[in-house]
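One structure below.
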Amino acid sequence: TTFQDGGEEVEEGAVYNVTLKKVQIQQAANKGARWLGGEGDQLPPEHTVRQYETSKIRAIKAGTLEKLVENLLTAFGDADFSYISIFLSTYRAFASTKAVLELLLDRFGNLETSSHVEVANLNSFESEIVLRAEIASVLRAWLDQCSEDFREPPDHTCLLKLLDYLKNNMPNSDMESKVQNLLKQFQNQEAEAVDGFCSTSSSDLADGEELEISNPEEFSSFQDHVVAEQLTYMDVMLFKKVVPYHCLGSIWSQRDKKENKNLAPTVRATITQFNAVTKCVVSTILGTKELKIQQRAKIIEKWIHIAHECRILKNFSSLRAIISALQSNSIYRLKTTWMCVSKDILLVYEELSEIFSDHDNYLTSRELLMKEATSKFANLDSSEKENQKKSQKRLQLQKNKGVIQGTVPYLGTFLTDLIMLDTALQDYVEGGLINFEKRRREFEVIAQIKLLQSSCNSYCLIPDQKFIQWFRSQRHLTEEESYKLSREVEAAADTHVLSPKSQKSMVKRISTLFLGTDVITPPKEQPPKVSPLGGSSGESTDSASVSSCEFNHSETEDVCMTPISSPEDPLKKVQLGSDKCSILDKASGCDSGSVSEKVSISVPCISSKVLPVYNRQSGGACIIRVSMDGINDSVYKSILITNQDRIPDVTQRALLKHNLEPDAVEDYELVQVISEDKELVFPRDANVFYGMNSHVNFNFILRKKA
């Protein structure tokens, strides 16, 4: 089989990519060979005749909503076999369930008034059969793949409309029964007031029970593999319920608007769980001041063992949560405690930390995740022989039991990728047509999420109510509390003090991100000489600094990742879940800006073959991060710029992303942050792409003119 580019076909309201597919359909003996009694598959190539068939594959590239919905019925005829899945997984970015259902049933699904071209060319009996089969195929796929689209409590208008259509056009069909059962399921869930998510808040506690600081003895009583299994159980239950379209950049980035406080609940639930694990690690280590240094080191060792068990279970979500907590400033600064941690265990920790190295856009964790996604068991490689023996022993035990594992990913990676795709690619192309090529790119990420969700069905884990109750009863320390306790446990061992500007910046970040008011935050300290994290940063342990990443119990929506950052940018961190979002990922970002107004801004067309990325200019485009001076310096928005953009264009886009009035362009100036004490101020009509310093981070500030 060979493929050849057939160019584009343009129709009213749609543009198609055409591919010519050449397939060998027969290989026969030529005349001379047949006279000798030979068969085609038994003869050398020169004695055979090959017959080929060329077919045309049409894949819609852009179109109106009407054309995209009509294409659901013609996609199989055009040999675009993945179109229905792509459309159903991504249409919520540009249309509602109601709009798509009305077009499908009322315009194309009504036999008497259908404008479907293929149906119109057939007689009435043939038309009815063809149309019924096509509509049934689409509806079946919709109900199987995206049944959550029809959850509209309390009325479920779309589901009732669909049920009415099936009763009139496909009475007593299996699909009618399926829709009735789905409606009953939704109604029963509402009647029972079940939200479907494992909450980690205090509302889960029994009456009269209060949140408590962790008891070290109680925590130590849980075996390492039991803790890892229970964390995996909770993660699996939440991840399987994630609705993939909730992760789309155009939807997730709008979560912070007041009217969207209930947007993407399935994603918020996974983030809440991630934060709960991270906070639990911090509270178990710092919650009891009376512990001796050796006892505290044992708790750190226990969490490293638990992290390793999570790795064996292929649970990358809790694994990353534990690593992030141990890398947080209040834990990492405990030099004497880390000195008491076994060297062998530190080696395990370094290997686990290396998984989430930010080198080359987290290439290690991405490759590992895809490798693990389809394997029955974890693929464990360790440079430490003793650790390798233990890992293989645990794996062999699981294999002997016949237990097959799924894979739980760190969802933040996919959220970041989808947000960057949404930032880099336009929603609409010339003529106001919906850019469906963008949706195909997004589906590549969505399909990975679905594959991993499917793999999670392989887990066979039984909940341990004793551990779950203990886990949910933990009182989580705030940023201020954890740092204060850390200082009480181990006083500062050096006199390192940040410059006034750095200290002021850090205080502002901590106060706005976690506490909501200005507080006095102690300066960060240098990491210990024997660093438990040297492998994850690529920096020497003496020069690496750690960003502070603690947690306020009320901030249940924020995921806070804190790998070691470089000395030049000690405050890099990643958070997903609210507008309080700084960005670590060099080639991606956490953008919480509004997307609804993007169409009104003119953005030159960028080739989708080379996507713009953060911190690198390529293909005449790049992505910069813009914060608002004096409002919230820690909130960045990802802005796509090209080599055609000048200051007014970029300023207007940044104001829209920050939900500010775009007409106030003249009141602001754009500044690139070169270093702590250097800035690059752009002239009024400068070309941002060519004028910016490409040798430093692409971090900008929008500042009101004096």
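The values are calculated or read from the model by the stated rules, or taken from the named source; none is laboratory data. Please read all numbers here as calculations on a predicted model, not as lab measurements. All Cβ positions, glycine included, derive from the backbone under ideal geometry; neighbour counts span all protein chains shown. We work out accessible area using only protein heavy atoms, side chains counted, and drop any ligands, DNA or RNA first. Shrake-Rupley method; radii C 1.70, N 1.55, O 1.52, S 1.80 Å.
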Q: Pop a pseudo-label 7 angstrom from the Cα along the beta-carbon direction at both D464 and N168 and give the gap in nm to one decimal.
A: 5.7 nm
Q | Cα-projected label distance for T54 with K705, points at 7 Å along beta-carbon direction, nm | A | 6.1 nm
Q. Hey, rough spin-label estimate for E444 and E12, points 7 angstrom out along Cα→Cβ, what's it come to in nanometres?
A. 3.5 nm
**Q.** Solvent exposure of the stretch 224-489 as accessible area per residue, Å², 1.4 Å probe
**A.** 37 Å²
(Q) One quarter of the convex hull surface, Cα atoms only: what value does that give for the stretch 621-704 in nm²? (A) 5.0 nm²
Q. Which GluC sites (Glu not before Pro) in the stretch 322-375 pass both tests, a DSSP loop state and at most 14 other beta-carbon atoms within 10 Å?
A. none
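Write down the accessible area per residue of the stretch 621-704 in Å², having rolled a 1.4 Å probe over the full set of protein chains. Let's see the in-between values first.
Details: 3530 Å² over 84 residues.
Here the residues of the stretch 621-704 average 42 Å² of exposed surface.
Over the Cα atoms of the stretch 224-489, Rg to Rh with Kirkwood Rh, two decimal places? All intermediate terms of the calculation are to be shown ahead of the outcome.
Working: Rg = 19.9 Å, Rh = 20.0 Å.
Radius of gyration relative to Kirkwood radius: 1.00.
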Q | Two-site FRET efficiency, M175 against R487, from Cβ-Cβ distance with R₀ of 41 Å, rounded to 0.05 | A | 0.05
Q.
Can you give the Rg/Rh ratio of the stretch 410-451, where Rg is from the C-alpha atoms and Rh is the Kirkwood radius?
A. 1.05
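Take the residue pairs K438/K678; K241/K371; K258/K314 and return only those whose Cα atoms are more than 27 Å apart. Kindly include the intermediate steps, with their values, before the conclusion.
Values: K438/K678 38 Å; K241/K371 23 Å; K258/K314 37 Å.
The pairs that break the limit, which is 27 Å between Cα atoms, are K438/K678; K258/K314.
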Q. Which length gain, in nm to one decimal place, applies between E218 and A136 when the Cα-Cα distance is subtracted from 0.36 nm times their residue separation?
A. 23.9 nm
**Q.** Set of the stretch 665-695 residues, backbone N closer than 17 Å to the point 7 Å along the Cα-Cβ line of I631
**A.** 665-672
Q: Could you compute the FRET efficiency for E190 and L65, with r as their C-beta to C-beta distance and R0 at 30 Å, rounded to 0.05?
A: 0.50
Q: Would you work out what percent of the accessible area of the stretch 621-704, with all protein chains in place, is carbon or sulfur (probe 1.4 Å)?
A: 46 percent
Q: Can you tell me which of 412-421, 288-297 comes out highest on packing, and rank the rest after it, using the mean Cβ neighbours within 10 Å?
A: 412-421, 288-297
